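Here's the structure we're looking at; comments come further down.
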Amino acid sequence: MDTSAEHVTSAEQMTLQHKINSGFGARSTAEEVLQGLDLEGTTAMVTGGYSGLGLETTKALAAAGAWVVVPARRPDHAQEVLGSAGLYPDRVAVDALDLADQHSVKDFSARFLDSGRSLDILINNAAIMDSAEKRVVSGWESQFATNPLGHYTLTNLLWPALTAGGGARVVALSSTGHKLSGIRFDDPQFNTGYDKWQAYGQAKTADSLFAVWLDRRGRGAGVRAFAAHPGGIMTELQRHLPREEMIAAGWLDAQGKVDPRFKSPEQGAATSIWAATAPVLAEMGGVYCEDCDIAEPTDPDSPTSRLAGVDAHAVDPDAAARLWDLSAELTGINVFA
């Protein structure tokens, strides 16, 4: 295990997980959290920034003055969507990236570095959820390959751009899915006993742990990292779920009406944008955020324990270090080696 960073115990990490009374909340929108902020001259990158939460994130950052790079698995479609929104090509650039393909991640990163741009904000937004068991070219389980490992490689390779400006933020989108599973270090690729929800839960825990360790190692170079839970939102992320399963989960009623607890995409984009831009977070990092604030530790006795707060395993510094080492071993990449 890499022990060159300052060691932090689990108890010390959890002391960071408390609300700071940000002034925003669950129904705040991306536009509201950016009010008064001028991002002119800033370069942001939003993976999957052309659909669902990603599209709203791109819109809000561009409206605040940022130049936004949108890596897209379907670049032609992304250009069409962003063009219809009035963003492409004036405020947004689009380039091809398939996070499940390590070669694609390397090629995209090389093209971005060749542009000579520094990178001020990286929002690792793209994800897949609850797919049937699928293996990518490397043989890795698809949710683990795409959600944490693709973004791990992307962030490591973009490190020169992230550090070039003297200060940057990286936001990894997690979710309450982290409550479904910790990291299965004995079988992270689900070679036995595949369960789509556990695989998704592991991936979202991994996204959170990635932010914990990246912040620990990157802060000396001016890079701070955060995990963000956007809340429940109906987007293309649910495309693999049967309608009957969503009704059984209470997400939809029998007529297809969405549970009122769900957020709009504009509200869902707010927490990741808050983590990426809020001045109050300038000296903070390595925490899990929800509802435009730092999340509290999960209260296991609360009736909302499945929906709110962060479980200790998703911010555990020892697990974060171990996961970073595993990711480095799998990808052959580690900017801190």
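Read the figures in this text as sums done on the coordinates, not as results from a lab. Model, not experiment: these values are computed from the prediction. For neighbour counting, all protein chains shown are included, and Cβ atoms are generated from backbone atoms with ideal geometry for every residue, glycine included.
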### Query
Which FRET efficiency value, to the nearest 0.05, is calculated for residue 118 and residue 301 with the Förster distance at 51 angstrom and r the Cβ-Cβ distance?
0.65
#### Entry: Total charge dipole magnitude, the chain, about the Cα centre, Cβ charges on Lys, Arg, Asp, Glu only, Debye to nearest 20
340 debye
## Note on the structure
Only helices counted: for the chain, with every DSSP H run of 4 or more residues adding -39500 (n - 2.57) and the sum spread over all residues, [θ] at 222 nm is -9500 deg cm²/dmol
## Note on the structure
Between residue 283 and residue 37, the two model label points (7 Å from Cα along the beta-carbon direction) sit apart by a distance in nm of 1.9 nm
### Task
In a Gaussian network model over the chain where Cα atoms closer than 10 Å are linked, find which of 135, 111, 322 has the largest mean-square fluctuation.
111
### Task
Pop a pseudo-label 7 angstrom from the Cα along the beta-carbon direction at both residue 74 and residue 194 and give the gap in nm to one decimal.
2.3 nm
### Gaussian network model of the chain, Cα within-10 Å springs - most flexible of 193, 268, 232
193
### Task
Please list the non-local residues whose amide H lies under 5 Å from the amide H of residue 72, H modeled 1.01 Å from N, same-chain partners needing a gap of 5 or more.
95, 96, 97
### Task
Within 10 Å, count the other beta carbons around each residue, average over each peptide in 93-101, 223-231, 117-125, and list them highest first.
223-231, 117-125, 93-101
### Principal axis dimensions, largest first and in whole angstrom, of segment 137-231 by Cα
45, 30, 21
## Note on the structure
Kirkwood radius from Cα pairs of segment 1-143 plugged into Stokes-Einstein at 37 °C, 0.692 mPa s, gives D in µm²/s equal to 187 µm²/s
### Query
How do 136-142, 157-163 rank on mean C-beta neighbours within 10 Å, highest first?
157-163, 136-142
### Average silhouette area of the chain, convex hull of alpha-carbon atoms, in square nanometres
16.3 nm²
### Sequence-distant residues sharing a close amide H with residue 289 (under 5 Å, placed H)
227, 228, 229, 295
## Note on the structure
In nm, the gap between the two label points placed 7 Å beyond Cα toward Cβ at residue 85 and residue 134 is 2.2 nm
